[in-house]
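Heads up, the thing below is written out as structure tokens.
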Amino acid sequence: MSNPGGFKCGYIAVIGRPNAGKSSLINSILGQKVNIVSAKPQTTRRLQLGIYTTEREQFVFCDTPGRIRPRNELGRHMLRAADESLEEADVVLWVVDVSRKVSAQDKEIGRKLRERAGEDGKPVVVAMNKSDRLAHGDVLSRTDRIRSLLPSAQWMLVSAKRGDNLDMMLNQISAVLPAREEYFSDDEITQTSMRQLAADIVRESVLYYLQKEVPHGVGVEVEQYKEESDKLASIAVTIIVEKKRHKGIVIGKHGSMLKLIGARARREIAAMRGGKVYLESYVKVEEGWRNDIQQVTSMA
Ligand SMILES: Nc1nc2c(ncn2[C@@H]2O[C@H](COP(=O)(O)OP(=O)(O)OP(=O)(O)O)[C@@H](O)[C@H]2O)c(=O)[nH]1
Ligand SMILES: [Mg+2]
């Protein structure tokens, strides 16, 4: 037999509307941050793997951008990424924010999954996330409503924030994972490079401090990533904005905002890689970069 130990392994596409908690859920399962998270929608922009290996199985989670109707090349790129991961996946993990009423976006995702179920019969597990925010009185009506969108799917009430029921959800996924040798060695948790993560973290910091339309028009490019030693990395990034006005907002009075953004990012990157981080940030205006395919595919 090619798989004597009965080991299981597969790709799990993590999909759902923006802000449902997809990235948080994967970080929480891994017990480590591999995906950036923010209170604003459209945080994740490309596919990111989160690999969780146990004695019996390897779960290869594929974090995807939240599904919305695209308005520019960046949006189309994000939706393509989410679609691609659906095609490739062995199992679909659909994350729904149970603390909010079902939205038109949720219904649309439900419809898409129902259509697909007839074609490829891929198993779907519905993670009803943010259960920590759900009032007891609403549990039945909310879960019933979500279940009605995809009656054939397994489901679980979970909280990425508190870690509630994640083990049970993993059991549900494991039950439908294909028998297969592992794809990755058991000490790998992601394929995202530290360089890419650094760019993501700078953007996460921008999302954290800035409001309204500014964050959505921001891209980050790493100009330099140098591991001086185990103890020191020196990194230079350019934060790209779409409007001149936004440049002023990102820099702030006497550079105060850029300082805050940089300080938070530096702390986060240092916590992830260990040791000290030296981070330089610049800001540049590039009108319409979100409609430039080359830029869209190269940036965080
Ligand atoms: N209370 C609560 N908040 C959560 C939970 N999971 C995620 N959040 C919060 O929800 C917000 C969105 O989380 P993300 O993980 O960035 O959501 P996402 O689905 O990856 O969003 P996009 O990448 O924009 O599609 C953040 O502010 C999280 O802290 C949870 O279980 N409970
Ligand atoms: Mg995300």
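If you go through region 49-69 one residue at a time, do you hit one that is away from ligand 2 (no atom under 16 Å from the Cβ), at pLDDT below 95 and over 25 Å from ILE201 (Cβ atoms)?
yes
Residues being within 15 Å of ligand 1 (Cβ to nearest atom) and either free of Cβ contacts under 8 Å to residues at least 40 places away in the same chain or closer than 18 Å to ASP292 by Cα (or both): count how many of those fall in region 43-61.
Final tally of qualifying residues: 4.
Would you say ARG180 is more than 16 Å from ligand 1 (Cβ to nearest atom) and over 22 Å from the mean Cα position of the chain (by Cα)?
yes
If you take the residues in region 11-29 that are at positive phi and out of contact with any Ser or Thr (no Cβ under 8 Å at 6 or more places or on another chain), which one is nearest to ligand 1 (Cβ to nearest atom)?
GLY21
Quick one: how many residues across region 50-65 are in contact with a helix residue (DSSP H, G or I) (Cβ under 7 Å, 6 or more places away or on another chain) and over 14 Å from ALA179 (Cα atoms)?
Within region 50-65, residues that are in contact with a helix residue (DSSP H, G or I) (Cβ under 7 Å, 6 or more places away or on another chain) and over 14 Å from ALA179 (Cα atoms) number 7.
Can you tell me which residue among LYS122, LYS112, LYS101 is away from ligand 2 (no atom under 16 Å from the Cβ), of a type in the set (Lys, Arg) and within 30 Å of GLY6 (Cα to Cα)?
Residue meeting the stated conditions: LYS122.
For the structure I just gave you, tell me whether GLY6 is more than 9 Å from ligand 2 (Cβ to nearest atom), touching a residue at least 40 places away in the same chain (Cβ under 8 Å) and at positive phi.
Against the criterion (more than 9 Å from ligand 2 (Cβ to nearest atom), touching a residue at least 40 places away in the same chain (Cβ under 8 Å) and at positive phi), GLY6 qualifies.
Return a yes/no flag: does region 75-82 have any residue that is over 30 Å from ASN291 (Cβ atoms) and either among the charged types (D, E, K, R) or under 17 Å from the mean Cα position of the chain (by Cα) (or both).
no
Looking at TYR11 and the list (1) in contact (Cβ under 8 Å) with a residue 60 or more places away in the chain; (2) farther than 26 Å from GLU182 by Cα; (3) surrounded by fewer than 23 Cβ atoms within 10 Å (Cβ to Cβ), which single condition is not satisfied?
(2)
Which residues, taken from region 43-58, are over 8 Å from the mean Cα position of the chain (by Cα) and part of a strand (DSSP E or B)?
Within region 43-58, LEU49, GLY50, ILE51, TYR52, THR53, GLU57, GLN58 meet the criteria.
Which of the residues that make up region 184-238 are within 18 Å of the chain's Cα centre (by Cα) and in a loop (DSSP other than H, G, I, E, B)?
Selection gives GLU188, ILE189, THR190, GLN191, THR192, SER193, VAL218.
Using the structure shown, decide if GLY6 is within 24 Å of GLU181 (Cβ to Cβ), in a loop (DSSP other than H, G, I, E, B), more than 16 Å from ligand 1 (Cβ to nearest atom) and of a type in the set (Gly, Ala, Ser).
yes
Does region 244-300 hold any residues that are of a type in the set (Asp, Glu) and either surrounded by 15 or more Cβ atoms within 10 Å (Cβ to Cβ) or in a loop (DSSP other than H, G, I, E, B) (or both), and which are they?
GLU268, GLU286, GLU287, ASP292
Scan VAL158, VAL126, VAL202 and give me the residue that is in the same structural domain as LEU30 (by TED's automatic domain parsing) and in contact with a Ser or Thr (Cβ under 8 Å, 6 or more places away or on another chain).
So the residue among VAL158, VAL126, VAL202 that is in the same structural domain as LEU30 (by TED's automatic domain parsing) and in contact with a Ser or Thr (Cβ under 8 Å, 6 or more places away or on another chain) is VAL158.
Would you mention how many residues in region 15-37 are assigned to a loop (DSSP other than H, G, I, E, B) and β-branched (Val, Ile, Thr)?
Total satisfying the criteria: 3.
Would you confirm whether or not region 65-88 contains a residue that is crowded, with 24+ Cβ neighbours inside 10 Å and either without any contact (Cβ under 8 Å) to a residue 24 or more places away in the chain or closer than 19 Å to TRP155 by Cα (or both)?
Checked region 65-88: no residue is crowded, with 24+ Cβ neighbours inside 10 Å and either without any contact (Cβ under 8 Å) to a residue 24 or more places away in the chain or closer than 19 Å to TRP155 by Cα (or both).
Anything in region 30-42 that is among the charged types (D, E, K, R) and within 9 Å of ligand 1 (Cβ to nearest atom)? List them, or say none.
LYS40
Within region 13-48, work out how many residues are more than 10 Å from ligand 2 (Cβ to nearest atom), closer than 23 Å to ARG67 by Cβ and either of a type in the set (Gly, Ala, Ser) or touching a Gly at 6+ places or on another chain (Cβ under 9 Å) (or both).
8
The values are calculated or read from the model by the stated rules, or taken from the named source; none is laboratory data. Only a predicted model underlies this, so the values are computations on that prediction, with no experimental measurement involved. Note that each Cβ is placed from the backbone with ideal geometry, even for glycine, and that neighbours are counted across all protein chains shown.
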